[in-house]
Every structure is written in structure tokens, then in C-alpha cells.
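The values are calculated or read from the model by the stated rules, or taken from the named source; none is laboratory data. Source: prediction; values computed, not measured. So basically every Cβ, Gly included, is an ideal-geometry build from the backbone, and we count neighbours across all protein chains shown. Ligands, DNA and RNA are stripped out before the accessible areas are found, and what is left, the full protein with its side chains, is counted by its heavy atoms. Shrake-Rupley method; radii C 1.70, N 1.55, O 1.52, S 1.80 Å.
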Amino acid sequence: MMAFALAMPRKIRFGRGEARAALPEIAAFGRVALLVHGRDPARVEWAVQGLRALGMTVLPHPCPAEPTLPMLQEAIRAGQEADFVIGLGGGAALDLAKAAAALIPGNADPMDHLEVVGRGLPLGIDPLPFVAIPTTSGTGAEATRNAVIGVPDHRRKVSLRDERMIARLAIVDPSLTDGCPPAVTLASGLDAITQVIEPYLCTRANPFTDALCRDAIPMGLKALRRLMDAEDAEARDSMAWVSLSGGLALANAGLGAVHGLAGPIGGLCDAPHGAVCGTLLPHVLRANAERLEPGSPIAARMQDVRRWLSEALGAQDGIGALERWSRESGLPRLGEMGLATTDIPAIAEAAVASSSMKANPVALSTQELIRILHAAV
């Protein structure tokens with residue numbers, strides 16, 4: 001058996017009602033908390049009031065969009081007095097909270113630590129404790145050791161990454177995702193499914209991530225189809241588990257070309273990350289499948305994925321069915337999200353060098369990536 005190492009939150013609480021039940025445990029991290037939340041502060045008032053009732057000082061801080069370098073610098077300033085940081089919201093809020101927790105102790109310049117466009121240095125000081133409470137089922141950011149930050153001056157989204165950035169406590173409470181709008185459910189759900197498919201197919205898959213992904217891929221496809229037809233608590237529970245599984249899997253194996261392309265795209269157009277991943281997924285799967293050596297272990301895994309897609313979508317061509325179903329459910333194409341065809345060559349060039357691309361099951365050339373992008377526009 002291959003050698004591998006595992007990295008994950010120190011503690012994970014999963015289940016309906018766990019977020020409120022965990023407030024006393026959260027309060028034990030310190031007296032002052034920076035609480036990073038999404039654009040609607042009313043959605044986190046239960047946590048603010050609950051923690052204040054336990055004698056804490058809570059500093060609410062909004063993350064109204066996918067985090068950028070200026071937003072991170074503002075969060076660092078806002079959290080100078082904090083003992084720890086809570087991220088309560090979607091993947092954007094969790095990433096901003098995670099990055100702020102990493103950089104507040106040393107009041108560091110983020111560019112010293114950001115990959116690709118910065119110096120990519122390891123953290124000089126241990127991060128503040130970070131508590132992750134997702135309110136969408138998509139990014140799995142509650143289980144990962146990186147935060148994605150947009151750098152407008154470079155028109156790129158890049159990672160701040162360090163093993164010490166993993167949450168001390170991750171609370172996955174599916175009830176917080178109930179009633180999520182269909183467009184958000186679809187985009188985040190496809191992101192979650194991508195993040196169990198790519199680790200399953202990647203070159204660094206291991207027995208731990210395989211155990212998560214084999215069950216999560218068909219579970220996620222079934223649950224997301226159900227949620228696009230009607231609100232369903234059981235399906236919400238399933239998607240929350242799939243999202244957590246994806247975060248654990250990508251943190252301990254890797255991703256692939258979908259995320260390799262999604263990073264540069266996110267820096268060029270204001271498109272939701274999950275929607276970008278969902279749009280790219282069938283085209284990347286098709287390109288990888290065409291290049292895999294018949295009879296190879298990864299080719300067998302690709303057959304698993306194609307079978308799960310076919311069974312979930314009721315079609316012989318599971319990859320084609322995924323593309324059609326996503327479009328019929330309202331997922332836009334990349335061009336509809338604002339991606340210009342003139343940017344495609346630069347995106348492909350940037351993607352080739354991305355960290356996610358290194359684990360893709362085959363080495364896709366710049367020209368192959370360009371063809372994928374044109375197919376998705």
C-alpha cells in the first residue's frame with residue numbers, strides 16, 4: 001500500500017443543531033472573536049447574540065463577495081484585538097476568515113505569503129485559532145489548509161497555504177443550508193461534486209480519500225438532483241456530507257484541471273467559483289477520458305465516474321448528460337458569466353502552472369486546455 005499523510009481539522013462536529021450546541025465550545029477559544037460572515041448580517045445574529053450571552057466580545061465583519069487582497073487587509077485590521085477567528089458563511093467567508101486568522105498574529109503583508117503572485121513564504125507565526133461553520137454545501141473550506149484570495153492588480157485568484165491554517169473546530173450543520181436559493185444550491189453542489197470526483201481521479205489519490213469519494217460521488221449526484229426538484233432535508237444532509245468529504249479529499253490528495261482552470265478564470269471575471277467548476281467539469285472529464293491509457297488504474301476509475309453519472313442521470317453517456325442537465329437546471333456557460341474568448345489563451349497558459357493541475361490524471365497541453373475553454377464558453 002502507498003504511503004500517505006492525513007491533515008484535517010482538530011475536531012469536526014456534524015449534524016443538525018450542532019452549530020448552536022457548539023457555542024459554549026467555541027467560547028472556550030478566547031474572550032474576543034472576529035466573526036467573518038456573508039453579506040447579510042441578520043443570518044448570523046443567532047451566533048453573535050449566543051456568544052455575547054456567554055460573556056464574549058464578538059466583532060462581526062462582512063465578506064460580501066469572494067475575498068480579495070484589499071478585503072483581506074481590511075479583515076486583518078479589524079481583527080487586531082481578536083483571540084480567535086470564526087468563519088460563518090459560504091466558502092468566501094470561510095476563506096477570508098481563514099486567511100485573516102493566519103495573518104493577524106504577525107500583522108504580515110499578505111503578499112509575502114500568497115502563492116504565484118507573491119513570495120509564497122511559510123507563515124512566520126502560528127495562526128490564531130480558526131473555527132469554520134459553513135452555510136453552503138460546496139467548497140469544503142472548513143476542512144482545507146488554504147484560502148483563495150483574489151489579487152485585482154494581477155487579475156488572479158491565488159492561495160494562501162499552510163498546514164497550520166486548518167480549522168481547530170469545523171461545525172457542519174446541514175440545517176444552516178436549508179432554503180438555500182436554487183442557483184446557489186446548483187453551483188455550490190456542483191463544486192462539491194467536482195471536489196470528490198477530482199481527488200478520486202487524481203494522481204495522488206490514496207485509500208483514505210478513495211473511501212470518502214466512492215460513496216460521496218453517487219450520493220452527491222442523487223442529492224443535488226433531488227434539491228433541484230424540491231427542498232429536502234435529507235438531501236441537504238447528504239450534500240453537507242459530500243461537501244465535507246470533498247474538503248477532506250482535496251486537502252489529502254489533490255484536484256485537477258477543473259480547479260487549475262477555475263483559478264485564472266476567477267481572476268478575470270466576476271463569476272461564482274462553483275458555477276465555473278460545474279461548467280468546466282464535463283469538458284475536463286471528456287478531455288481526460290480521451291487521453292487515459294486503456295486498462296490503466298485511472299482509466300478504471302474514470303469508468304466508475306462515468307457509470308455513477310449514467311446511473312444518476314439516467315443516460316448512457318453520463319458526461320454528456322451532466323452537461324445537459326446542468327444547463328437545463330440553470331447553470332450558465334462561461335461566456336454568460338463574463339469570460340471573453342480573447343482571454344482564453346492567457347487562462348490556459350496560467351492554468352498549466354497551477355498547483356491543482358499537477359495532480360490531474362493526465363498532463364493536458366495548453367492547446368488541450370484552450371479546447372476545453374472554448375467548449376465551455
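Of the residues examined, Ile104 is not one that is β-branched (Val, Ile, Thr) and without any contact (Cβ under 8 Å) to a residue 24 or more places away in the chain.
Residues that are surrounded by 14 or more Cβ atoms within 10 Å (Cβ to Cβ) and more than 22 Å from the chain's Cα centre (by Cα) were ranked within the stretch 336-361; the one that is nearest to Cys269 (Cα to Cα) is Asp343. For the stretch 262-278, the set of residues classified as open to solvent by less than 10 Å² (accessible area, probe 1.4 Å) and either among the hydrophobic types (A, V, I, L, M, F, W, C) or over 20 Å from Ser159 (Cβ atoms) (or both) consists of Ala262, Ile265, Ala271, Ala275, Val276, Cys277, Gly278, listed by residue number. Which pairs do you get when a residue that is over 15 Å from Ile149 (Cα atoms), found in the stretch 117-128, comes within reach of a residue that is of a type in the set (Gly, Ala, Ser) and surrounded by fewer than 18 Cβ atoms within 10 Å (Cβ to Cβ), reach meaning Cβ atoms under 7 angstrom, with the pair 6+ apart or on two chains? Pairs found: Gly124/Gly106; Gly124/Ala108; Ile125/Gly106.
The residue that is nearest to the chain's Cα centre (by Cα), counting only those in the stretch 309-324 that are open to solvent by 30 Å² or more (accessible area, probe 1.4 Å) and closer than 23 Å to Cys202 by Cα, is Glu323.
Residues in the stretch 9-41 that are at pLDDT below 95 and either of a type in the set (A, V, I, L, M) or not in a loop (DSSP other than H, G, I, E, B) (or both): Pro41 alone.
Among the candidates Arg164, Arg145, single out the residue that is farther than 28 Å from Ala289 by Cβ, within 16 Å of the chain's Cα centre (by Cα) and not β-branched (Val, Ile, Thr).
Step by step, each of Arg164, Arg145 is checked, and only Arg145 is farther than 28 Å from Ala289 by Cβ, within 16 Å of the chain's Cα centre (by Cα) and not β-branched (Val, Ile, Thr).
Exactly one residue among Ala289, Ala230, Ala312, Ala240 is small (Gly, Ala, Ser) and free of Cβ contacts under 8 Å to residues at least 24 places away in the same chain, and that residue is Ala230.
Among the numbered conditions (1) modelled with pLDDT of 95 or more; (2) in contact with a Pro (Cβ under 9 Å, 6 or more places away or on another chain), the only one that Ala300 does not meet is (2). Arg119 falls short on exactly one of the conditions (1) open to solvent by less than 50 Å² (accessible area, probe 1.4 Å); (2) assigned to a loop (DSSP other than H, G, I, E, B), and that condition is (1).
Regarding the stretch 9-31, can at least one residue be identified that is of a type outside the set (Lys, Arg), buried (at least 20 other Cβ atoms within 10 Å of the Cβ) and in contact with a Cys (Cβ under 7 Å, 6 or more places away or on another chain)? The answer is no; no qualifying residue exists. Could we say that Arg327 is under 20 Å from the mean Cα position of the chain (by Cα) and either surrounded by fewer than 22 Cβ atoms within 10 Å (Cβ to Cβ) or touching a residue at least 40 places away in the same chain (Cβ under 8 Å) (or both) here? In short, no.
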